Amino acid sequence: MQNFKIIPVVDILNSKVVHAIKGERDKYNLLKTYLTNSSEPIDIINIFKNKFKLSTLYIADLDAIMKQKPNFAILNELSKLKDVEIMIDPGITIYEDILEFLEYNIKYIIIGLETLDSLETLRTIVNRLGNQNVILSIDMYKQKLLTRIESFQNQDPLKIISIIQKLEINQIILLDLYSIGQKLGGISSLYLKIKENFDGDVYVGGGIKDYNDIVLYYRNNFSGVLIGTALYDGSIKPQKLSEIINL
């Protein structure tokens, strides 16, 4: 699976790792996993790095997204880890929000449509940072866009792809909050259509059920998958995952 990324998801709330389900953030509880009794982000990330041999990790800083209180102390610890690439969604709204995060060793800053205030902000971010380290998260709920941008509201997600590409965005995440934590499995026709119409890298988060799902996305030429629950509950174990990676 050369260049295809399997990316563990670490949701942080109140500075602890939580179990995300259906985007209902007020109901998120501390993570319970067979992997460890700890809910400390650094402990969880080290397990994915050392036991699963996965080097790219997705961090949703829910304290930043929900309370505007980023976990900078945790980011400082993460920045010291070697051979780890961090994708982080800290709830960027305006360009100035991003500046604090540039001090840390973060590979990819994720800009979520759910929190972004305008296309002009996105254009500014890409112009100033370049597009190699910026990923746009197409946030949805039951395949309907979650966005503050008025011109995008009530639009078919497929219709905004051409607009995004004109801004020279070349990496996107398709993230349907409803599917998070549910292991629904399969690929929706919407995702396949977006993949056909977007020239860059397309990652998918939410709903990954098992090994077969990973292979399915790989064979349909997606760039990678973001996985939480199926890793935490043992549906996808390290030993089998190593076989998939070497396909």
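Just so you know, all these numbers are worked out from the coordinates, no wet-lab data involved. Note that this is a predicted model, so its numbers are computed, not measured. No Cβ is skipped: glycine too gets one built from the backbone with ideal geometry, and neighbour counts run over all protein chains shown.
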DSSP-defined beta bridges in the stretch 5-245 - what % are antiparallel, rounded to 5: 20
Virtual spin-label span in nm between residue 107 and residue 156, 7 Å along Cα→Cβ: 3.5
Gain upon complete extension [residue 132, residue 166; 0.36 nm per residue less C-alpha separation]: 10.7 nm
Taking the mean number of other Cβ atoms within 10 Å as a proxy for protection, how do you rank 15-24, 145-154 from highest to lowest? 15-24, 145-154
What residues have an amide H closer than 5 Å to that of residue 173, excluding those fewer than 5 places away on the same chain, when H is modeled at 1.01 Å from N in the peptide plane? 136, 137, 138, 203
In whole Hz and in residue order, list the ³J(HN,Hα) couplings for the stretch 210-221 that follow from phi through the Karplus curve 6.51 cos²θ - 1.76 cosθ + 1.60, θ = phi - 60°; x for Gly and Pro. 7, 4, 4, 4, 4, 5, 4, 5, 4, 6, 9, 6
Under the 7 Å Cα-to-Cβ spin-label approximation, residue 240 and residue 100 lie apart by a distance in nanometres of 4.1
Please check which bits of the stretch 53-70 a label hung off residue 148 would reach, taking the label as a point 7 Å along Cα-to-C-beta and the cut-off as backbone N under 19 Å. 60-70
With the cut-off at 23 Å, tell me which of the pairs 5/144; 53/240; 53/82; 51/82; 49/144 have Cα atoms farther apart than that. 5/144; 49/144
With a sphere of radius 14 Å drawn around the Cβ of residue 243, what net charge do the other residues whose Cβ falls strictly inside it have (Lys, Arg +1; Asp, Glu -1)? +2
Evaluate the distance, in nm, between pseudo-label points positioned 7 Å from the Cα of residue 26 and of residue 85 along their respective Cα→Cβ axes. 3.8
